[in-house]
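**Q** Pasting in a structure now, in structure tokens, and then I'll have a few things to ask.
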Amino acid sequence: MKNLIKRLFNHFGYELCRLSPEEHLSLDDQLRFNYKEAQIYRALTASGQISMEEARYLFELVRESDPSRPIIEVGTLYGASTLVMCLAKHPGQTLYAVDNFSWNSLGISSAIHRAATKKRLEECIQHFGVKLIEQPAARFYAEYDDAPPALYFCDADHSYEAVKQDIAWAKARNSTIICGDDYEPQHTGVVRAVDEVGGPSALHGGLWRL
Ligand SMILES: C[S@@+](CC[C@H](N)C(=O)[O-])C[C@H]1O[C@@H](n2cnc3c(N)ncnc32)[C@H](O)[C@@H]1O
């Protein structure tokens, strides 16, 4: 019976929806939301993105970078850190934004996550030298044949092994500035991998620089 009702709704272009308990938790409990408002609220307040303190420091680092060489970001998510770097960099400087769309904080599919991020970065891609690389970091590393990065920003897989490999690659490619996000107690893998190569020389929020 439930399936029949569902199919009938779908046939006429409707969908029966209800917020999950986790979705409820991400809302403001002082307010009443309809389904559409709840999803828009969740999208506009999605977690996993760079904070203002971190963004301001990242902006400074990009300003310090050599504009004749590329910037590499691994871990783009919805493009928040990409937008900060795109604003700070020389318009002609290439910014490789690498993401395999394997994780997001909203629980949306990889295909929709990819499409939304691409749309959000559309102007940066068309006019400001941003190249969205839709593949795993390891494949990007293996195929990279551009100049030594002026700045490498690490914010993808936060496991110890992955961050260790990210930093090793950035160093092997003679990146001038090596930085990343989430040097915080809850990200033990990031802290361990960064500490093993000498620890942060500067830290703003969770934004570290070697
Ligand atoms: C913490 S989020 C990045 C946040 C983003 N830099 C910001 O500040 O808005 C991590 C991102 O890394 C991506 N990711 C995870 N593992 C990856 C891998 N092996 N290669 C490429 N991207 C990966 C996820 O899909 C996710 O979008």
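The values are calculated or read from the model by the stated rules, or taken from the named source; none is laboratory data. Not measured: the values here are computed from a predicted model. Reconstructed Cβ throughout: ideal geometry from the backbone, glycine too, with neighbour counts over all protein chains shown.
**Q** Regarding GLY129, is this residue exposed (fewer than 15 other Cβ atoms within 10 Å of the Cβ), of a type outside the set (A, V, I, L, M, F, W, C) and either at pLDDT 95 or above or over 14 Å from ALA156 (Cβ atoms) (or both)? First the steps, then the outcome.
**A** Values: exposed (fewer than 15 other Cβ atoms within 10 Å of the Cβ): no; of a type outside the set (A, V, I, L, M, F, W, C): yes; either at pLDDT 95 or above or over 14 Å from ALA156 (Cβ atoms) (or both): yes.
No.
Per-residue answers, yes or no, for (1) touching a Phe, Trp or Tyr at 6+ places or on another chain (Cβ under 7 Å); (2) within 25 Å of SER51 (Cα to Cα); (3) modelled with pLDDT of 95 or more:
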| position | (1), (2), (3) |
| --- | --- |
| GLU143 | no, no, yes |
| ALA162 | no, yes, yes |
| SER175 | yes, yes, yes |
| VAL197 | no, yes, yes |
| PRO200 | yes, yes, yes |
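**Q** Hey, can you tell me all the residues within the range 55-83 that are within 13 Å of the ligand (Cβ to nearest atom), more than 13 Å from SER175 (Cβ to Cβ) and not in a helix (DSSP H, G or I)?
**A** Of everything in the range 55-83, those that are within 13 Å of the ligand (Cβ to nearest atom), more than 13 Å from SER175 (Cβ to Cβ) and not in a helix (DSSP H, G or I) turn out to be GLY75, THR76, LEU77, TYR78, GLY79.
**Q** Something else about it: In the range 62-77, what residues are surrounded by fewer than 21 Cβ atoms within 10 Å (Cβ to Cβ) and either closer than 20 Å to VAL163 by Cα or polar (S, T, N, Q) (or both)? First the steps, then the outcome.
**A** Filtering the range 62-77 down to residues surrounded by fewer than 21 Cβ atoms within 10 Å (Cβ to Cβ) leaves 63-64, 66-69.
Passing the criteria: only SER68.
**Q** Any idea which residue in the range 69-106 is farthest from HIS158 (Cα to Cα), counting only those that are β-branched (Val, Ile, Thr) and more than 11 Å from the chain's Cα centre (by Cα)?
**A** Of the range 69-106, the ones β-branched (Val, Ile, Thr) are 71-72, 74, 76, 82, 84, 94, 98.
Next, from what is left, pick out any that are more than 11 Å from the chain's Cα centre (by Cα): 71-72, 84, 94.
Numbers: ILE71: 20, ILE72: 17, VAL84: 21, THR94: 25 Å.
Step by step, filter the range 69-106, then rank; the result is THR94.
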